[in-house]
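Below: the structure, in structure tokens.
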Amino acid sequence: LLDEPTGDLDTRSTDIVMKILVDLNIKEGITMIMVTHDVVLKSFANRVVRMVDGKVHKIITMPSDKRREVIN
């Protein structure tokens, strides 16, 4: 579970942390649940669950080609 894992980081540090997390997900098969207000980070996800007023509003499956582009 990741609660705002890059909330207090600069852009360079955010990139480093996200690379580590993506590597763990892809190479080790580790599933992660990340809560964030940073909409840029949703591009790293396989699936985005949007919450409104404490309820699931929408679930979006991110296109794998877009995710690959961001990761590379």
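The numbers here are math on the coordinates, done by the rules we state, and not lab data. For clarity, every value in this text was computed on a predicted model and none was experimentally measured. Note that we place each Cβ from the backbone using ideal geometry, even for glycine, and neighbour counts take in every protein chain shown.
For every helix of n ≥ 4 consecutive DSSP H residues, a contribution of -39,500 (n - 2.57) applies; sum these over the chain, divide by its total residues, and give [θ] at 222 nm rounded to the nearest 500 deg cm²/dmol.
Helix-only estimate at 222 nm: -11500 deg cm²/dmol.
Of the DSSP beta bridges with both residues in the chain, give the percent that are antiparallel, rounding to the nearest 5.
Of those bridges, close to 75 percent are antiparallel.
Efficiency by 1/(1 + (r/R0)^6): what FRET value for Val49 and Arg12, r their Cβ-Cβ distance, R0 = 22 Å, to the nearest 0.05?
Efficiency, from the Cβ-Cβ distance: 0.20.
Could you tell me the number of lysine pairs in the chain with C-alpha atoms less than 26 Å from each other, where the two lysines are 8 or more residues apart or belong to different chains?
9
Binned at 5 Å from 0, what are the whole-percent values of the Cα-Cα distance distribution for segment 5-63, short to long?
Histogram of Cα-Cα distances, whole percents per bin: 4, 16, 27, 25, 17, 10, 2, 0.
Given 0.36 nm per residue, what is the gain on full extension from Glu69 to His37 after removing their alpha carbon distance, in nm?
Here the segment from Glu69 to His37 would lengthen by 9.4 nm.
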